[in-house]
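For reference, the structure is listed below as structure tokens.
The values are calculated or read from the model by the stated rules, or taken from the named source; none is laboratory data. In this text the structure is predicted, and so the values were computed from the model without any measurement. Because the Cβ atoms are built from the backbone with ideal geometry, glycine has one as well, and the counts that use them run over all protein chains shown. Please note that ligands, DNA and RNA were not included when accessible areas were found on the heavy atoms of the full protein model with its side chains. Shrake-Rupley method; radii C 1.70, N 1.55, O 1.52, S 1.80 Å.
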Amino acid sequence: MSARIEWGQVRVIAAKEFRDRIRNRWVVAVAVIFALFALAIAYFGASQQGEVGFRSIDVTVASLVSLVIYLVPLIALILGYDAIVGERERGSLELMLSMPITRFEILLGKYCGLAAALAMSTVLGFGAGLLPLAAELTVRDGYHYAGFVGSAILMGMAFLSISMLVSVLALDRVRASGVAIGLWFFFVLIFDLLLMGALVLSQGRLGSNTFAALLMLNPADVFRLLNIFSSEQAQSMYGLATVMPGGLTDPAVLLAIMAGWVVIPFLLANWSFKCPSR
């Protein structure tokens, strides 16, 4: 990384990435998906209990958390996996590097543009999804829902950082896409199964502190915990309050850990991208 960052160069790269996502209607498509799911869960989420209609923001957010954990990581990984390796395959990366711009500025610009597209689609989608029910929401509901949307964006940025690291390390787009999908399976579907298996096999020797620390190794679990411990009603629904140590139930601590998941993979990607062979 050079001592001085030319932010004008970063803005140019970021703006191009953002415009590309707008032009190919990626932002609109993702926003529509989020809006439809948000509205359906808010209105029909309690249909299994024989009720239809908006019940409470806590129940709606708890249901949306389970959905977002599947969708947002997948979208973020797909969004970023070819950010660098795709440019390398098309030959445009060499052209960019021949200009007075550093590798860090390219990486940061691409990340900022993709993160902005992901954030806009998330805000528009979940905002539009709950708009028809706005009259039934209180100010407290609005803050709670905004916190949920913000945490979803943070989780998306964490998985986007991971996908940028994959894109820098991958030899070609095919391998990058395979690794990205594999990481989605691991973090979203396999990680918790392995953790529960280890918990059972340990026959109680795996203490709650160790269990909680292992949960921090997965940004999807950090997102889930962040939303659970932001609502007393959600805590009673999940029953994790008795397992988690007090230090890891503080939303500020969980936000700091999620910020680490955003920053550390990006720094690793930058460290690898500085290698002249890449």
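State, as an integer percentage, the relative contact order of the chain based on alpha-carbon contacts under 8 Å between residues 6 or more apart. Contact order relative to length: 27 percent.
Would you work out which of 59, 258, 200 lies farthest towards the positive end of the dipole of the chain? Charges go on Cβ: Lys and Arg +1, Asp and Glu -1. Going by the Cα projections, it comes out as 258. Could you work out the relative contact order of segment 28-170? I mean the mean sequence separation of Cα pairs under 8 Å and 6+ apart, divided by the number of residues, in percent. Value for segment 28-170: 44 percent. Based on protein heavy atoms only, the chain ends up with 48 Å² per residue of surface accessible to a 1.4 Å probe.
Here the dipole of the chain is about 760 debye; that uses its Cα centre as origin and unit charges on the Cβ of Lys and Arg (positive) and Asp and Glu (negative). Between the listed residues 117, 229, 162, the Cα displaced farthest toward the positive end of the dipole of segment 113-237, a dipole computed from Cβ unit charges relative to the Cα centre, is found at 162.
The Cα center of segment 98-130 and the Cα center of segment 62-85 differ in position by 14 Å.
Our helix-only sum for the chain, with -39,500 (n - 2.57) per DSSP H run of n ≥ 4 divided by its residues, gives a mean residue ellipticity at 222 nm of -24000 deg cm²/dmol.
The 3J(HN,Hα) values that the Karplus relation (6.51, -1.76, 1.60; θ = phi - 60°) gives for segment 221-226 are, in residue order, 5, 4, 4, 4, 5, 4 Hz. Gly and Pro appear as x. What you get for segment 118-222, charging only the Cβ of Lys and Arg (+1) and of Asp and Glu (-1), is a dipole of about 240 debye around the Cα centre.
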